Amino acid sequence: MTPPVFIFVGHSNAGKTTLVERLIPELTRRGRRIATIKHAHHKVHLDTEGKDSWRYKQAGAALSMLVTTHALQLVADTDCGREPQQLAERFLGEADLVLAEGFSHAPGPKIEVLRRETGKPPRCGLADELIAIVTDCPEVYPELPHFALDDIAALADFLLQRA
């Protein structure tokens, strides 16, 4: 079963990561297992060159998993799609809720983080499946639910109702 996915969008330094970071313990306290997906626009090394899991990928493995006593890391080819919903369906079935960051052009319900101090307009519009806005700009998209930048509990309530 695929968990519900909510995509957090906004310009750089709007506070997306901080917001998601604060939402995770709030949702966890409410008994939910949370998974996250982060979109990076720059190259990130997911595996260390020369290590066993890296060597397996270089040899042609479609997926390589490193498992330790308390964690696991999966490196997988993404030829099946990179949209949050596709990734959640493929890899995150154990989660109750998925919080994705970035992916402003991907399909799926979006919450925009917009701070006046960034001096930028919203990144997404209503046609982009924007369902709420976390902001200090009450004049932006007044038809959508608005949440203050520090109102984590209310935002968690909203997400759980939508899920």
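For the range 9-39, enumerate the residues that are touching a Gly at 6+ places or on another chain (Cβ under 8 Å) and within 19 Å of D136 (Cα to Cα).
Listed by number, the residues that qualify are V9, K16.
Tally the residues that are surrounded by fewer than 17 Cβ atoms within 10 Å (Cβ to Cβ) and over 19 Å from G10 (Cβ atoms), restricting the search to the range 27-39.
5
Considering only residues of the range 1-50 that are outside any loop (DSSP other than H, G, I, E, B) and modelled with pLDDT under 85, which is nearest to F158 (Cα to Cα)?
Across the range 1-50, the extreme among qualifying residues is I37.
Which residue out of L144, L160 is within 18 Å of the chain's Cα centre (by Cα) and touching a residue at least 12 places away in the same chain (Cβ under 8 Å)?
L160
Among (1) touching a helix residue (DSSP H, G or I) at 6+ places or on another chain (Cβ under 8 Å); (2) exposed (fewer than 14 other Cβ atoms within 10 Å of the Cβ); (3) within 30 Å of D52 (Cβ to Cβ), which single condition is G93 missing?
The number of the failed condition is (1).
Among (1) assigned to a loop (DSSP other than H, G, I, E, B); (2) in contact with a strand residue (DSSP E or B) (Cβ under 6 Å, 6 or more places away or on another chain); (3) of a type outside the set (D, E, K, R); (4) surrounded by fewer than 17 Cβ atoms within 10 Å (Cβ to Cβ), which single condition is P121 missing?
Here P121 meets the rest and fails (2).
Going through A106, A132 one at a time, which residue ends up being at pLDDT below 95, closer than 16 Å to F6 by Cβ and within 18 Å of the chain's Cα centre (by Cα)?
It is A106.
If I ask for residues that are surrounded by fewer than 17 Cβ atoms within 10 Å (Cβ to Cβ) and of a type in the set (A, V, I, L, M), which ones from the range 128-163 would you list?
Within the range 128-163, V140, L144, A148, A153, A154, L160, A163 meet the criteria.
The values are calculated or read from the model by the stated rules, or taken from the named source; none is laboratory data. Quick caveat, the model's predicted, so the values are computed rather than measured. Here Cβ is always computed from backbone atoms with ideal geometry, including for glycine, and neighbour counts include all displayed protein chains.
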